[in-house]
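Quick note: the coordinates plus some simple rules give every number you see, no bench work behind them. It should be emphasised that the depicted structure is a prediction, and the values quoted were computed from it without experimental measurement. For neighbour counting, all protein chains shown are included, and Cβ atoms are generated from backbone atoms with ideal geometry for every residue, glycine included.
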Amino acid sequence: EDQVTQSPEALRLQEGESSSLNCSYTVSGLRGLFWYRQDPGKGPEFLFTLYSAGEEKEKERLKATLTKKESFLHITAPKPEDSATYLCAVQPPEANSKLTFGKGITLSVRP
Amino acid sequence: GAVVSQHPSWVICKSGTSVKIECRSLDFQATTMFWYRQFPKQSLMLMATSNEGSKATYEQGVEKDKFLINHASLTLSTLTVTSAHPEDSSFYICSASARGSPLHFGNGTRLTVT
């Protein structure tokens, strides 16, 4: 059974204080690893898909990286508007297969 | 692209009534849609996989007679919570993906059963 563990559960940063969010996973096969951002009372918003170890993707202050066992979401010089819950999910190789989500990391960025 | 619209965004109903939630893929066709439930400060729990033109596949522990799913077209799936009770109060979210693209989510429906 696929498992996804995210750490820490919550993270409080000062504006401008860079940090990383961790997503560790155990899968029998990996089609893709996904990062989503979720604001309170909203559905998750897609951020990145990573397909193979060594892959990196960037979007504004966010950079996602992938190894064979974990993924990191690096946040560089965060701003208060980056405050949200960040979800990591893995998808097995079968087409249209279901995603397994971690519990999420709640990030708070203080001005 | 890949916009998923969910309606209503919130609903309050009395215990014993039924509530229907709609999920539409606005700019793509989705042969498969997924329905999730989320409790406060918890992650997404997959309830069922909705397949266009066929019966939904429910996850273990999810009552198919209580959570009726209909996927009548390539752009619409509905979730009906039948005979709702206060314990059914939750945040329900649907998702869909176009072929080869990542899963996109609707904005969720907050259901409160009084």
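Summary table
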| quantity | calculated |
| --- | --- |
| Environment charge at residue A:109 (Cβ cut-off 11 Å; Lys +1, Arg +1, Asp -1, Glu -1) | 0 |
| Sequence-distant residues sharing a close amide H with residue B:48 (under 5 Å, placed H) | B:35, B:59 |
| Contact order normalised by residue count of segment B:10-70, Cα under 8 Å, 6+ apart, percent | 20 |
| Cβ-based net charge around residue B:15, under 15 Å, with every Lys or Arg adding one and every Asp or Glu removing one | 0 |
| Share, in percent, of DSSP beta bridges within chain B that are antiparallel, nearest 5 | 90 |
| Footprinting exposure proxy for B:75, B:112 (fewest neighbouring C-beta atoms within 10 Å first) | B:112, B:75 |
| Evaluated at q = 0.11, 0.16, 0.21 Å⁻¹: base-10 log I(q)/I(0), Debye formula over Cα of chain A | -0.32, -0.66, -1.11 |
| Peptide B:96-105 - average C-beta neighbours from other chains (10 Å radius) | 4 |
| Proximal lysines to residue B:64, defined as alpha-carbon separation beneath 19 angstrom and excluding residues fewer than eight positions away on the same chain | A:98, B:20, B:55 |
| For B:93, B:12, order by how many other beta-carbon atoms lie within 10 Å, fewest first | B:12, B:93 |
| Fewest-first ranking of A:9, B:22, A:1, using other Cβ atoms within 10 Å as the exposure measure | A:1, A:9, B:22 |
| HN-Hα J in Hz across segment A:102-111 - Karplus 6.51, -1.76, 1.60, θ = phi - 60°, x for Gly and Pro | x, 7, x, 10, 8, 9, 10, 10, 8, x |
| Length-normalised contact order of chain B in % [C-alpha pairs under 8 Å, at least 6 apart] | 37 |
| Whole-number D in µm² s⁻¹ for segment A:18-80, Kirkwood Cα-pair radius fed into Stokes-Einstein, 25 °C, 0.890 mPa s | 197 |
| Relative contact order (%) - criterion: Cα under 8 Å, at least six apart; region: chain A | 37 |
| For residue B:94, residues with placed amide H under 5 Å, excluding near neighbours | B:36, B:106, B:108 |
| Debye log10 I(q)/I(0) for segment B:1-56, one point scatterer per Cα, at q = 0.17, 0.20, 0.26, 0.31 Å⁻¹ | -0.75, -0.99, -1.24, -1.24 |
| Cα centroid separation, segment A:1-50 to segment A:60-103 (Å) | 3 |
| Dimensions (Å) - the protein assembly as shown, Cα atoms, principal axes, largest first | 50, 37, 32 |
